[in-house]
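**Student:** Submitted below is the structure of interest, expressed as structure tokens.
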Amino acid sequence: MNTIGTITDPVELTHYIEHWYHRRHREQLPRLADYAAKVERVHAGHPQAPVGLSDLLRRMIGELEVHMKKEELILFPAFRKGGVPGLEIPIAVMREDHEGHAVDISELRRITGGPSLPEGACKSWTALYEGIEEFIAELEEHIQLENSVLFSQFERCK
């Protein structure tokens, strides 16, 4: 769902981010971590098995939850009020988190080879990689929307 540039009002945008991206990430990640654990267990001897994927996804669950809560409880309410002095610091922290998420995305791609399924992959492995692709695309769009559209509106608030 590409909305970059179509919604610019901070109140609408923060609600959209919460109701679309935050909700989706909370739904996607636990399911993907469970699929990853299953695929890792069942295909442990396969040379293309995504070893370490479930651990990475479970770590991302915690990191994203903390990040999203900071936005929902601190940053987004301030944005909805039109901004307050000192927002540059929490925005900088969110941007740093986004850089960490980008590193995690790179690691997801490394572990899954793109993601690229091996020939004859089972239904669980296929569903896992399709879900990983969808998650990566949505997380990258989420980050881009916040960095380019939302945060830039408030980084100069005094």
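**Student:** Which trypsin sites (Lys or Arg not before Pro) in region 40-124 sit in a loop by DSSP (not H, G, I, E or B) and have at most 13 other Cβ atoms within 10 Å of their own Cβ?
**Tutor:** K81
**Student:** Another question, if that's okay. List the GluC sites (Glu not before Pro) within region 81-141 that DSSP assigns to loop and that have no more than 11 neighbouring Cβ atoms inside 10 Å.
**Tutor:** In loop regions of region 81-141 (DSSP not H, G, I, E or B), the sparsely surrounded GluC sites (Glu not before Pro) are E119.
**Student:** Okay, next question. Once both labels are modelled 7 Å past Cα along the beta-carbon direction, what's the K38-V51 spacing in nm?
**Tutor:** My value for the distance between the label points is 2.3 nm.
**Student:** Rounded to the nearest 20 Debye, what is the dipole magnitude of region 6-53 about its Cα centre when Lys and Arg each give +1 and Asp and Glu each give -1 at the C-beta?
**Tutor:** 300
**Student:** Moving on to the next point. Considering only protein heavy atoms, what per residue accessible area in square angstrom results for the chain with a 1.4 angstrom probe?
**Tutor:** Numbers: 7950 Å² over 158 residues.
Per residue, the chain has an accessible area of 50 Å².
**Student:** Read phi for every residue in region 43-59 and hand back ³J(HN,Hα) as whole Hz from Karplus 6.51 cos²θ - 1.76 cosθ + 1.60, θ = phi - 60°, with x for Gly and Pro.
**Tutor:** 10, 3, x, 6, x, 9, 4, x, 4, x, 5, 5, 5, 4, 5, 5, 5
**Student:** When only C-alpha pairs under 8 Å and at least 6 residues apart count, what is the relative contact order of region 12-123, in percent? Could you put the intermediate results ahead of the total?
**Tutor:** Working: 60 pairs, mean separation 30.6, N = 112.
Rounded, it is 27 percent for region 12-123.
**Student:** A further question on this structure: List the aspartates and glutamates whose alpha-carbon lies under 17 Å from that of K38, not counting same-chain residues fewer than 8 positions away?
**Tutor:** Result set, ordered by chain and number: D55, E130.
**Student:** In the calculated pair distance distribution of the chain, what percentage of Cα-Cα distances lie above 25 Å?
**Tutor:** That tail contains 35 percent of the Cα-Cα pairs.
The values are calculated or read from the model by the stated rules, or taken from the named source; none is laboratory data. Source: prediction; values computed, not measured. Please note: Cβ atoms are built from the backbone with ideal geometry, for glycine as well, and neighbour counts cover all protein chains shown. Protein only, heavy atoms only, side chains kept; ligands, DNA and RNA dropped before computing areas. Shrake-Rupley method; radii C 1.70, N 1.55, O 1.52, S 1.80 Å.
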